[in-house]
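All remarks here apply to the structure that follows.
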Amino acid sequence: MGIRRIWTRFAGNDAMIFGFNTDVKHGDTIYHVQSEARQAEFLFQTQVFVRGRCVGKRATSYAERAPDPFFTDKQKESLLRDQHRYVLDAIRDGRLEQVLDPKDAPESLAAIKQLDLEWINTDSVHSNRALILKIRVSDGRAPAPAAKLVSRVERPEREPIYCQAICDHTGTAEMKVELEESALADSAILVQADFNGRTATRKFRLKKV
């Protein structure tokens, strides 16, 4: 399966939001690999999930290069992509444990506290050519008020759809995704949260019922 790439830039905002999400199978196990730049900690972080549970991380610091004005978003994206592929190859070769960070590594410890995204109205109904998603963002166990959300709806052989929202004091935001009902069965939505300079990305499957 290919690497899924997400990125966007908004007018008046110099921050690039990007990440990679890939499902890869080894033996009877399907791994979901997600990579993103944690700009507050100057880390490239790759997390590996099995059935929704994080089984390990790999984090690389770019703190030494961060002050360099010639260290561009494009270069960061390339380095993140290389790390993402490195972990994918390790899974395919059956050597995942060899590339994950030790539990007590400084990079791993810096990544322990992380954002979590939850789709809280999974029973929402498509109506008037739109789907309303309610997403809750938490920082550890606490709400993440004013977290910024960007969603990207992937549609086969068509341009993706983007939208954005800001979470309220409970860490919850409502996003209106405009798409035809016929596209639900084959679509997926990537939602990325940005809170205090840290990001997290989750992939949700849409289905037609």
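Would you check which residues across the stretch 43-73 are loosely packed, with under 12 Cβ neighbours inside 10 Å and of a type outside the set (A, V, I, L, M) and list them?
Result: ARG51, GLY52, ARG53, GLU64, PRO67, ASP68, PRO69, PHE70, THR72.
I'd like the residue in the stretch 143-153 that is in a strand (DSSP E or B) and not basic (Lys, Arg) and, out of all such residues, is farthest from the chain's Cα centre (by Cα). Break it down stepwise before answering.
Pass one, the stretch 143-153, residues in a strand (DSSP E or B): 143, 148-153.
Filter once more, so that each one left must be not basic (Lys, Arg): 143, 149-151, 153.
Working: PRO143: 18, LEU149: 11, VAL150: 10, SER151: 10, VAL153: 13 Å.
Going through the qualifying residues, I end up with PRO143.
Name, by its number, the condition in (1) surrounded by fewer than 19 Cβ atoms within 10 Å (Cβ to Cβ); (2) more than 15 Å from LEU115 (Cβ to Cβ) that does not hold for ALA40.
(2)
Against the condition among the hydrophobic types (A, V, I, L, M, F, W, C) and farther than 21 Å from GLU118 by Cα, how does ALA183 come out, does it pass? Before the answer, list the steps.
Details: among the hydrophobic types (A, V, I, L, M, F, W, C): yes; farther than 21 Å from GLU118 by Cα: yes.
Yes; evaluated as a whole, the condition is true for this residue.
Restricting to the stretch 138-151, name every residue that is at pLDDT 80 or above and in contact with a Lys or Arg (Cβ under 9 Å, 6 or more places away or on another chain).
Once the filter is applied, which keeps residues that are at pLDDT 80 or above and in contact with a Lys or Arg (Cβ under 9 Å, 6 or more places away or on another chain), the stretch 138-151 yields ASP139, PRO143, ALA144.
For residues that are over 17 Å from the mean Cα position of the chain (by Cα) and buried (at least 16 other Cβ atoms within 10 Å of the Cβ), scanning just the stretch 125-142, find the one that is farthest from ALA193 (Cα to Cα).
HIS126
For the stretch 56-66, enumerate the residues that are among the aliphatic types (A, V, I, L, M) and touching a residue at least 24 places away in the same chain (Cβ under 8 Å).
Step one: of the stretch 56-66, the residues among the aliphatic types (A, V, I, L, M) are 59, 63, 66.
Those that are among the aliphatic types (A, V, I, L, M) and touching a residue at least 24 places away in the same chain (Cβ under 8 Å): ALA59, ALA66.
Can you name the condition, by its number, that TYR31 falls short on among (1) touching a residue at least 60 places away in the same chain (Cβ under 8 Å); (2) within 14 Å of the chain's Cα centre (by Cα)?
(2)
In the stretch 154-174, is there at least one residue being touching a Pro at 6+ places or on another chain (Cβ under 7 Å) and part of a strand (DSSP E or B)? Let's see the steps before the verdict.
Quick first cut of the stretch 154-174, residues touching a Pro at 6+ places or on another chain (Cβ under 7 Å) only: 154, 167-171.
Now restrict to residues that are part of a strand (DSSP E or B): 154.
Yes; the residues of the stretch 154-174 include at least one that is touching a Pro at 6+ places or on another chain (Cβ under 7 Å) and part of a strand (DSSP E or B).
For the stretch 135-178, which residues satisfy the criterion of being of a type in the set (Asp, Glu) and either over 11 Å from ILE189 (Cβ atoms) or assigned by TED's automatic domain parsing to the domain that holds GLU36 (or both)?
Here is the first cut: in the stretch 135-178, the residues of a type in the set (Asp, Glu) are 139, 154, 157, 159, 168, 174, 178.
Matches in the stretch 135-178: ASP139, GLU157, GLU159, ASP168, GLU174, GLU178.
Among the strands (runs of 3 or more DSSP E) contained in the stretch 1-46, which hold 2 or more residues that are touching a strand residue (DSSP E or B) at 6+ places or on another chain (Cβ under 6 Å) and modelled with pLDDT of 80 or more?
Of the strands (runs of 3 or more DSSP E) lying wholly inside the stretch 1-46, those with at least 2 residues that are touching a strand residue (DSSP E or B) at 6+ places or on another chain (Cβ under 6 Å) and modelled with pLDDT of 80 or more span 17-26, 29-38.
The values are calculated or read from the model by the stated rules, or taken from the named source; none is laboratory data. Remember, it's a predicted structure, so these values are computed and weren't measured experimentally. Methodologically, a virtual Cβ is constructed for each residue, glycine included, from the backbone with ideal geometry; neighbour enumeration extends over all protein chains shown.
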